[in-house]
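A short worksheet on the structure shown next.
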Amino acid sequence: MATTPAAADSPDATDAPAKPGMVPMIATVLVALLAGGGVGAYAVGPMLGPASPAAAEEEGGGGHGGEAEGGSAHLFKLDGVIVNPAGSRGQHHLITTVAYEVEAIEDEPRLRAAEVELRDHVSALLERKTLDQLTAPGIRDQLRSELRALAEPYLKAGSVKVFLPQYIVQ
């Protein structure tokens, strides 16, 4: 079949070269969406938190405390401690979570019973620090030591480890 000049000028003939250019663009968009979904699901998602409330309970993230790995240590958390550093005049603040891990099962309820008093002591300690002190290299290790000393009077049977899983200075 011979091609007529009228057939060459038809809209179908001019669209044919544009269609192959669309295929790579659509393929690129699909690959980007799949890659973004994979990164979100496997890299970013787990950092944002557990997938379900049941998973949070298994990880000891529910409420103020829970059992740590293996059941040999017990965790007590002071969530949402917010203070203004010394000399900041309310322009800066520290948001932190202090987690105490005790080995003896009888020490966890003792910390829980003294939560209000312990939270007050922790806040007072942190409020005495300046912004420069709170952002200095190695300050978290120093704070762990000072926070451990605050909890020790409430303990009866064992030792305590201190963790600062959230520490935001703004």
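The values are calculated or read from the model by the stated rules, or taken from the named source; none is laboratory data. Values in this document were obtained by computation on a predicted structure and should not be read as measured data. Methodologically, a virtual Cβ is constructed for each residue, glycine included, from the backbone with ideal geometry; neighbour enumeration extends over all protein chains shown.
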*asked:* Restricting to the stretch 137-170, name every residue that is more than 16 Å from Val83 (Cβ to Cβ) and of a type in the set (Lys, Arg).
replied: Arg144, Arg148, Lys156, Lys161
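Is there a residue in the stretch 120-129 that is part of a helix (DSSP H, G or I), within 17 Å of Phe163 (Cα to Cα), β-branched (Val, Ile, Thr) and without any contact (Cβ under 8 Å) to a residue 60 or more places away in the chain? Let's see the steps before the verdict.
Going through the stretch 120-129, the residues part of a helix (DSSP H, G or I) turn out to be 120-127.
Still in the list and also within 17 Å of Phe163 (Cα to Cα): 121-123, 125-126.
Pick out the ones that are also β-branched (Val, Ile, Thr) and you get 122.
This time we only want the ones that are without any contact (Cβ under 8 Å) to a residue 60 or more places away in the chain, so: 122.
Checking the stretch 120-129: at least one residue is part of a helix (DSSP H, G or I), within 17 Å of Phe163 (Cα to Cα), β-branched (Val, Ile, Thr) and without any contact (Cβ under 8 Å) to a residue 60 or more places away in the chain.
Yes/no matrix, rows are residues, columns are (1) assigned to a loop (DSSP other than H, G, I, E, B); (2) in contact (Cβ under 8 Å) with a residue 40 or more places away in the chain; (3) outside the structural domain of Leu75 (by TED's automatic domain parsing):
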site	(1), (2), (3)
Thr96	no, yes, no
Tyr100	no, yes, no
Leu118	no, yes, no
Arg140	no, no, no
Leu143	no, no, no
Gly158	yes, yes, no
*Quick one: would you say Pro109 is part of a loop (DSSP other than H, G, I, E, B) and loosely packed, with under 15 Cβ neighbours inside 10 Å?*
no
